[in-house]
C-alpha cells in the first residue's frame, strides 16, 4: 500500500515522467509502482493499462478545450472561429508531451493492436463531438453529418501537422487548420 495518498492525477504524472525518461513502450507499471512506493494493485485502481493512461492524457486535452468555452472572449467568436480555437487549444495542451504523444500513437497503430485502434476511433469521434459542441455548431441531418466528417478530417490532418510543428505557437498548424475549415459549414 502506498505510504502517501495516490490519485489518478499523481499516478499519471509519474507515468509521464517515466515515459519521458525512456519511452512509452518501455516504461513499466513495476517501475511506476516503485517510484510511487505502492503496489501494482494500487495503480490498477486508477489505470488498468497504459492505454487508460493515454486516454487520461487526451481527456486532459479535452478538458482544456472545454474550459475555453468559459472564456468571455471565446463566447463572442463566430462558430468557425470557436472551432479553430477549440482544436488549437486541444493541441496546445499537449505541447509539453508531443514526443510522448507521437510514441503513444505509434504504439496504438502497431499491427495487432486492433483493440487500441478501435478505441482510438471512438476517442476521435468523442473529441470531435466536443469540438462541435464547444463551437456551438447547430447543424442537423445531412449537414451535421457532412460537418462532422469535415471537422474530423481537418482535425486529424492538423493533428499530424501539430505533432511535428516547431513554429512559434504552432502557427503552421493553425494556418493549415484554418485553410481546411474555411469551407466547412
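Data for the structure
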| item | result |
| --- | --- |
| Crossing angle, helix 79-93 versus the chain [Cα axis fit, 0-90 degrees, rounded to tens] | 20 |
| Whole-number D in µm²/s for segment 76-137 (Stokes-Einstein; Kirkwood sum over Cα pairs; 4 °C, 1.567 mPa s) | 99 |
| Spatial separation of Cα centroids for segment 65-88 and segment 169-185, in angstrom | 14 |
| The chain - mean residue ellipticity at 222 nm from DSSP helices (-39,500 (n - 2.57) per run, n ≥ 4, rounded to 500) | -22500 deg cm²/dmol |
| Where the Cα pairs of the chain fall when distances are cut into 10 Å bins, in % | 9, 33, 33, 18, 7, 1 |
| Cα-based helix-to-principal-axis angle, 8-21 vs the chain, degrees rounded to 10 | 90 |
| Ranked by how many other beta carbons lie within 10 Å on average, peptides 26-32, 136-142 from highest | 26-32, 136-142 |
| Acute angle (nearest 10 degrees) that the helix 171-181 long axis makes with the longest principal axis of the chain, alpha-carbon atoms | 50 |
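Taken together, the values in this text are just the output of simple stated rules run on the coordinates, not laboratory data. All figures in this text were calculated on a predicted structure; none of them were measured in a lab. Neighbour counts are summed over all protein chains in view; Cβ atoms, including those assigned to glycine, are modelled from backbone coordinates with ideal geometry.
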